[in-house]
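Note sheet for the following structure.
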């Protein structure tokens, strides 16, 4: 931001990115619950319609979180008023999260009202914070508030509608919000924003998104542990438990060993950190998180039924989770490195090939094979990058 930033904004320290504060970490705890609710909702309604509904709910949860991450990239959470904003958003997030399982039934109004209130209320606070004359972000705050206010109409209308109308109205609302950054929040009178106006603390943004990956991985471990604790421990259950944990570790390794660090370094030194933050961290992290959530669903299914043949639900989640994760990470690393990771391409091809034989495999063997592919991808990338560095 400019030198005339208002008192609510983070201070600028040259050559040093702002740390993620305890208030932000506290806020993120709500989304551990939200991610758990999404995975359980998908598990309970694994049908084409249920998949569409759950995907919409996931995209909404991700969007409300990532918008908050952008706002706290500018506002200073060490200040009382900003902390109170985060605490109010936590309340909205809890209402949102508890409404997820019944969002397309009895609690649709609560979900819509909580979501719209979080999006519009947070942006209105940001607009008030930019009241200082000449503040560079004020026009952007107005633009975003206009777009979110329009989408809020469709969210709330959908909350009061039922059945297919609710789904249709919420799809329109979500489309408005996801298209708005690509349209650079164009509004009549103000026009579109420029990338130069989106000055962000790249290191802080990278760290915030990495923490959301930790949230998703942590949720998968919680689900695995809770499910395993309730079962009679047989060889199949123990092997499925070990496979699930190894798969989570492999995902952590693939994302964090070199990718997260390279992303932080690149965006911190980028001449256009706003453009990279929009592409690599706002959009391309969605399939990464979605893949982890879907893999957690597979882990629970395999733990409960490790033997027999894999049904369609188990095969889709066991292969689709790692596939989505690798698809997201390869695009993320392409954005930050400029070249496609061969190990990830091989992993995607191997998972696609495995899909042909999934129905004839037991859930346990399917889990072991997908985990093995992730481990090979992690090891391959580590060795290849070490060779290049040498």
Any idea what angle helix 108-129 forms with the longest principal axis of the chain, computed on alpha-carbon atoms, 0 to 90 degrees, nearest 10? 40
Just to confirm the number: angle between the C-alpha axis of helix 202-229 and the first principal axis of the chain, 0 to 90 degrees, nearest 10? 40
So if R0 is 30 Å, what FRET efficiency would residue 131 and residue 249 give, r being the distance between their Cβ atoms, rounded to the nearest 0.05? 0.05
Cα→Cβ-extended label distance, 7 Å offset, between residue 52 and residue 222, nm: 3.0
Ratio Rg/Rh, restricted to segment 157-223 and using Cα atoms, in which Rh is the Kirkwood radius: 1.14
Spin-label model distance (nm) - residue 379 vs residue 22, 7 Å beyond Cα toward Cβ: 4.2
Of 102, 28, how do they rank once you tally other Cβ atoms within 10 Å and put the fewest first? 102, 28
Using the 10 angstrom Cβ neighbour count as an exposure proxy, how do 58, 357, 332 rank, fewest first? 357, 58, 332
Using only the Cα atoms of segment 202-389, what do you get for the radius of gyration and for Dmax, in Å? 16.8, 56
What do you get for the angle between helix 163-182 and the principal long axis of the chain? Use alpha-carbon atoms, 0 to 90 degrees, nearest ten. 60
Translational diffusion of segment 22-197, µm² s⁻¹ [Kirkwood Rh, Cα pairs; Stokes-Einstein; 10 °C; 1.306 mPa s]: 95
Can you compute the helix-only [θ] at 222 nm over the chain? Use -39500 (n - 2.57) per DSSP H run of at least 4 residues, normalise by all residues, nearest 500 deg cm²/dmol. -25500 deg cm²/dmol
Suppose R0 equals 41 Å; then what is the FRET efficiency for residue 230 and residue 160 from their Cβ-Cβ distance, rounded to the nearest 0.05? 0.60
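Read-outs: derived from the displayed coordinates by stated rules, not from any lab. It should be emphasised that the depicted structure is a prediction, and the values quoted were computed from it without experimental measurement. Because the Cβ atoms are built from the backbone with ideal geometry, glycine has one as well, and the counts that use them run over all protein chains shown.
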